[in-house]
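First comes the structure, then the notes that go with it.
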């Protein structure tokens, strides 16, 4: 269920703001989005996996907090990120 190193580096490369960027809100939100997608497909197969469901809810909450932070700090970057990830906002 965890992201592979190749998948993680690909996600970071698409959303980084500078060459050595690994911790900006854009990168963190992109990584959470990929993890959420993989966990969602896992939970569709395993409906009774409540421990993973709780982890999914925590990730969604963290992503939402980061989105709110980014929206308040720089609305242009927020709109660009939401458009690139295909999130509804």
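Every read-out reported here was derived from the displayed coordinates using simple, explicitly stated rules and does not represent laboratory data. Nothing here was measured: the structure is a model prediction, and the numbers come from that model. No Cβ is skipped: glycine too gets one built from the backbone with ideal geometry, and neighbour counts run over all protein chains shown.
Miscellaneous remarks
- Sorted fewest first by neighbouring Cβ atoms within 10 angstrom, 30, 38 come out as 38, 30.
- The stretch between residue 52 and residue 77, if pulled fully straight at 0.36 nm per residue, gains 5.9 nm over its current Cα-Cα span.
- Principal axis dimensions, largest first and in whole angstrom, of the range 31-89 by Cα: 40, 18, 16
- C-alpha long axis of helix 75-85 to longest principal axis of the chain, angle in °: 40
- Using C-alpha pairs below 8 Å separated by at least 6 residues, the relative contact order for the chain is 25 percent.
- For the peptides 48-54, 12-18, 62-68, residues were scored by their other Cβ atoms within 10 Å and the scores averaged per peptide; the highest-first order is 62-68, 12-18, 48-54.
- The modelled label-to-label distance between residue 87 and residue 62, using points 7 Å beyond Cα along the C-beta direction, is 1.4 nm.
- Per residue of the chain, the DSSP helices (runs of n ≥ 4 H) give a summed -39500 (n - 2.57) that works out to -25000 deg cm²/dmol at 222 nm.
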